[in-house]
Amino acid sequence: MITCDIKFCDHCQSSIAAGQRWVRQKIYDPGSNRQNPAYLHFHAEPFPEQEGSCWEKYQMDREIARTAMTAVAWATAAAH
């Protein structure tokens with residue numbers, strides 16, 4: 001039996017073709033009872049005419065969100 005393991009990018013939602021470089025991020029959901037990790041997949045190289053890969057864009061989005069949350073926490077603490 002031949003199996004096909006098609007992966008989709010968790011950033012752009014398009015498929016990751018055979019031979020394309022990709023990144024896999026292991027995540028654990030602390031709220032679930034599952035002991036097995038889940039995985040996110042991302043394109044590792046930018047598409048033509050793009051400045052960054054889906055992985056780089058995902059990391060940048062996370063950093064922007066983290067920075068924004070830190071700024072809100074500081075503003076809330078300063079207001080009290």
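The values are calculated or read from the model by the stated rules, or taken from the named source; none is laboratory data. Keep in mind that what you see is a predicted model, and the values were worked out from it rather than measured. In this analysis, Cβ positions are derived from the backbone assuming ideal geometry, glycine residues included, and neighbour counts consider all displayed protein chains.
Things to note:
- The lone exception for PHE47 - which of (1) modelled with pLDDT of 95 or more; (2) among the aromatic types (Phe, Trp, Tyr); (3) in a loop (DSSP other than H, G, I, E, B) it fails: (1)
- Among the residues of segment 33-44, just one is more than 14 Å from the chain's Cα centre (by Cα) and either surrounded by 10 or more Cβ atoms within 10 Å (Cβ to Cβ) or in a strand (DSSP E or B) (or both), namely PRO37.
- Exclusive hit being of a type in the set (A, V, I, L, M, F, W, C), modelled with pLDDT under 90 and either at negative phi or touching a Phe, Trp or Tyr at 6+ places or on another chain (Cβ under 6 Å) (or both), set CYS12, CYS4: CYS4
- Candidate set from segment 51-62 (those that are surrounded by 10 or more Cβ atoms within 10 Å (Cβ to Cβ) and charged (D, E, K, R)); member that is farthest from SER14 (Cα to Cα): ARG62
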